[in-house]
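Quick notes on the structure that follows.
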Amino acid sequence: MPKPTKKFTPPLITLAPDGDIILDICNSFSSDDTSPAGIRFLVASQILCTSSPVFLTMLSKTSPFSEAAKLHDPTRKVPITISLSDDNPTAFSVILNILHLRNRVVQKHPPRRPTLLAIMDISDKYQLYEALMFVTHSWCAGISRMDLPLLEKIMLAWAFRYEAMFRDATRDLLLQSHCVTGGNLVLVQDFRMAAVLKECLPECLTKALVEKRNMVIEHFKTELQYFQTERWAQPLLPVCTTKCDRRQQDHFWRMYWLYQLEVPSTWLRSIGYLSSMLRLMPHVDCTEDVTVRDHIWNIDLQDIVDEALRMLKDGLSLSEFPSREVMEGD
């Protein structure tokens, strides 16, 4: 007769010796293969409620949830157990150590990528931004230099409210994103579509990115329209002798690029591509002793590009999103 299989009991880690809650965290679908199958933590409800509005709603005396009724039952003699089957045990262990001020076991450098992303999800889910701020902001300074996908950097900065990395990552995303039918933005890498932004980022963030991109594109169009009507339509300045064939090359290239810029699909390309296209116009040299600015117009186009890049210098700011309000001192 086969022996009955013993039920697995996750180990119990005591974070608060006088704790009144046992968090039973099962590793149901963790992406981190090194996470344990499950783990339990003896914690203090007061710390959870002070750190997280979500736990406060769940466990306060006036809460309608059954966990609150058990916690505040005057006849209770042992800690209550709350099961969290959707959260990563390794990531939750890091978070609970931070909340319970176990600073000696909290690592100074960013955790491994799967754990870091799981901490991001838990932080956003339980609204732990403020409680984790000093540690996560210290990590973000290192994350900025890590070779992580651009969208992951944006989401980490978004969840942890780290302004510097958010500005840099959104600027880079604006430079690299292309527009497709319907006004949606896509990230293209290695000449292939890597991601549709509206499927990866919050709606309010995607909308702000589209608006910022449209502002820069309109700047390009307005300035180039001015050149078309005020400069390109004028005859070439007679600064060279008739023997200088560079003037004809100059005329050819300005007509060629004018045609390119009038093709609607051109404006769906990334701002980085459009900037490069304008910057890399052939530099027409002249055999005569005249200044380049007197002879050709691409220097002025580079001025337009420089102005557009200045508009993108700081990317987006977290202060533009009420739900991501950065407190004074961040």
- Message: Can you compute the modelled spin-label distance between Glu262 and Ile13, with each label point 7 Å from Cα toward Cβ, in nm?
- Response: 6.7
- Task: Give the calculated FRET efficiency between Arg269 and Tyr226 to the nearest 0.05, with a Förster radius of 22 Å applied to their Cβ-Cβ distance.
- Result: 0.55
- Item | FRET efficiency, 1/(1 + (r/R0)^6) with R0 30 Å, evaluated for Leu101 and Ala69 via beta carbons | 0.55
- Item | Extension gain (nm, one decimal) between Arg76 and Lys61, 0.36 nm per residue minus Cα-Cα | 4.0 nm
- Message: Sort 262-270, 55-63 by the packing proxy (mean of other Cβ within 10 Å over each peptide's residues), most packed first.
- Response: 55-63, 262-270
- Item | Sorted peptide list for 73-86, 105-118, criterion being average Cβ within 10 angstrom, highest first | 105-118, 73-86
- Query: In segment 35-153, what percent of the accessible surface is made up of carbon and sulfur (1.4 Å probe, ligands and nucleic acids excluded)?
  - Reply: 55
- Item | Cα-based shape type of segment 121-219, given that a ≥ b ≥ c are square roots of the gyration tensor eigenvalues and the cut on a/c is 1.5 | prolate
- Query: What FRET efficiency, computed as 1/(1 + (r/R0)^6) with R0 = 25 Å and r the Cβ-Cβ distance, is obtained for Arg310 and Glu130, rounded to the nearest 0.05?
  - Reply: 0.15
- Query: Once both labels are modelled 7 Å past Cα along the beta-carbon direction, what's the His109-Met215 spacing in nm?
  - Reply: 3.8
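The values are calculated or read from the model by the stated rules, or taken from the named source; none is laboratory data. Here the structure is a predicted model, which is why all the values come from computation and not from measurement. Cβ atoms come from the backbone with ideal geometry, glycine included; neighbour counts cover every protein chain shown. Calculation scope for accessible area: heavy atoms of the full protein, side chains included, ligands and nucleic acids excluded. Shrake-Rupley method; radii C 1.70, N 1.55, O 1.52, S 1.80 Å.
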